[in-house]
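One structure is given below, encoded as structure tokens.
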Amino acid sequence: NCFFHIGCSLAMRGKYDHAVRCWTRVLQIEPDYPGVHTRIARAYRAQSRHDAAREEYLEEIRSDPGDTDLLIEFAEAEYEAGHVDEAVAKLNQVLELDPEETKACVLLGGIYFETERYSQAVRCFHRALSLDDKFSGLHGHIGRTLYQLGKHKSAAKHLRMALKEQPKDKSILACLASCQFSLEQ
């Protein structure tokens with residue numbers, strides 16, 4: 001426990017190499033200590049050591065393959081590393097395990113948006129909205145995506161709703177202005 005908590009303290013201060021050494025010591029003492037591989041993965045991720053982080057995430061998932069929060073975190077790490085297909089696969093795995101996981105829908109929609117797969121993105125965002133209509137930012141995501149699909153009237157509706165949540169968001173205002181210009185308003 002001492003090595004684990006010392007590692008946590010070191011990581012909080014950005015001393016990732018020292019933290020990893022503490023957590024490695026934890027695993028030498030108690031190989032099944034919960035959450036250590038995740039902590040090591042996060043430290044590697046903070047250092048942009050994506051391959052090493054991936055190995056640690058995989059090790060942690062082996063001990064609990066149904067941990068949807070961990071799978072979501074792993075998907076985010078895969079996307080950061082540029083492994084888009086792997087990130088999509090992990091998020092789809094989460095949705096198979098828990099079809100009502102809103103965050104996974106939103107992240108998957110975001111990946112589809114960033115990779116210009118707008119039809120898939122809007123389906124994910126609509127699904128997320130049907131699961132949790134209070135999830136912050138969804139109307140903005142839907143509006144921007146519909147705009148990319150050329151559905152300006154529907155996009156404007158969602159963007160207006162997004163402005164109620166975030167009245168000072170310049171990107172929403174700009175997208176709404178573009179929609180209104182396209183609709184000759």
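The values are calculated or read from the model by the stated rules, or taken from the named source; none is laboratory data. Bear in mind the structure is a predicted one, so any value in this text is a computation, not a measurement. All Cβ positions, glycine included, derive from the backbone under ideal geometry; neighbour counts span all protein chains shown. Surface areas here come from the heavy atoms of the whole protein model, side chains and all, with no ligands, DNA or RNA. Shrake-Rupley method; radii C 1.70, N 1.55, O 1.52, S 1.80 Å.
What FRET efficiency comes out for L183 versus K134 if R0 is 30 angstrom and r is the Cβ-Cβ distance? Round to the nearest 0.05. Mind showing how you got there, number by number?
Values: r = 28 Å, r/R0 = 0.94.
E(calc), rounded to 0.05, equals 0.60.
Return one whole number: the accessible area per residue of the chain in Å², for a 1.4 Å probe. Present the calculation step by step, with values, prior to reporting the outcome.
Details: 10390 Å² over 185 residues.
That works out to 56 Å² per residue.
About its Cα centre, what dipole magnitude does the chain give when the only charges are +1 on Lys and Arg Cβ and -1 on Asp and Glu Cβ, stated in debye to the nearest 20?
Working: 24 positive and 28 negative charges, 204 e Å.
Dipole of the chain, to the nearest 20 debye: 980 debye.
Give me the Å³ per residue figure for the convex hull around the C-alpha atoms of the chain.
Values: hull volume 23.8 nm³, N = 185.
Spread over its residues, the Cα hull of the chain gives 129 Å³ apiece.
Go ahead and estimate [θ] at 222 nm for the chain from helices alone: -39,500 (n - 2.57) per DSSP H run with n ≥ 4, summed, over the residue count, rounded to 500. List each step's numbers first, then the result.
Working: 11 runs with 142 residues, N = 185.
Mean residue ellipticity, 222 nm, calculated: -24500 deg cm²/dmol.
Local charge sum around A128 (other residues, Cβ-Cβ under 12 Å, Lys/Arg +1, Asp/Glu -1)? If you can, show how the numbers build up before the last one.
Values: positive: K103, R123, R127, K134; negative: E100, E101, D132, D133.
With Lys, Arg at +1 and Asp, Glu at -1, the net is 0.
Stretch R62-D85 to full length: gain in nm at 0.36 nm per residue minus the Cα-Cα span?
Numbers: separation 23, 0.36 × 23 = 8.28 nm, distance 2.02 nm.
Answer, rounded to one decimal: 6.3 nm.
Can you pull the one-decimal nm distance between simple spin-label points at R117 and A174, each 7 Å off the Cα toward Cβ?
In this crude spin-label approximation the distance works out to 2.6 nm.
Let me check against my output: what whole-number percent is the relative contact order of the chain, with C-alpha pairs under 8 Å and at least 6 apart?
Numbers: 219 pairs, mean separation 18.0, N = 185.
Relative contact order, the chain: 10 percent.
Using Cα pairs closer than 8 Å and at least 6 residues apart in sequence, work out the relative contact order for the range 125-185, in percent. Provide the component values of the computation, followed by the final result.
Working: 63 pairs, mean separation 18.0, N = 61.
Across the range 125-185, relative contact order equals 30 percent.
Classify the range 43-126 as rounded, prolate or oblate, taking a ≥ b ≥ c as the square roots of the eigenvalues of its Cα gyration tensor: rounded when a/c is under 1.5, otherwise prolate if a/b is larger than b/c and oblate if not.
Values: a/c = 2.69, a/b = 1.38, b/c = 1.95.
Note, shape of the range 43-126 comes out oblate.
Taking the chain as a Gaussian network, where each spring joins two C-alpha atoms under 10 Å apart, which residue of A11, A53, A155 fluctuates the most?
In the Gaussian network model the winner is A11.
So if we plug the beta-carbon distance of A52 and I29 into 1/(1 + (r/R0)^6) with R0 = 22 Å, what FRET efficiency do we get, rounded to 0.05? Please list the in-between numbers first.
Details: r = 21 Å, r/R0 = 0.96.
With a Förster radius of 22 Å, E is 0.55.
Over the chain, what percent of the accessible surface lies on carbon and sulfur atoms, probe 1.4 Å? Provide the component values of the computation, followed by the final result.
Working: 5160 of 10390 Å².
Answer for the chain: carbon and sulfur cover 50 percent of the accessible area.
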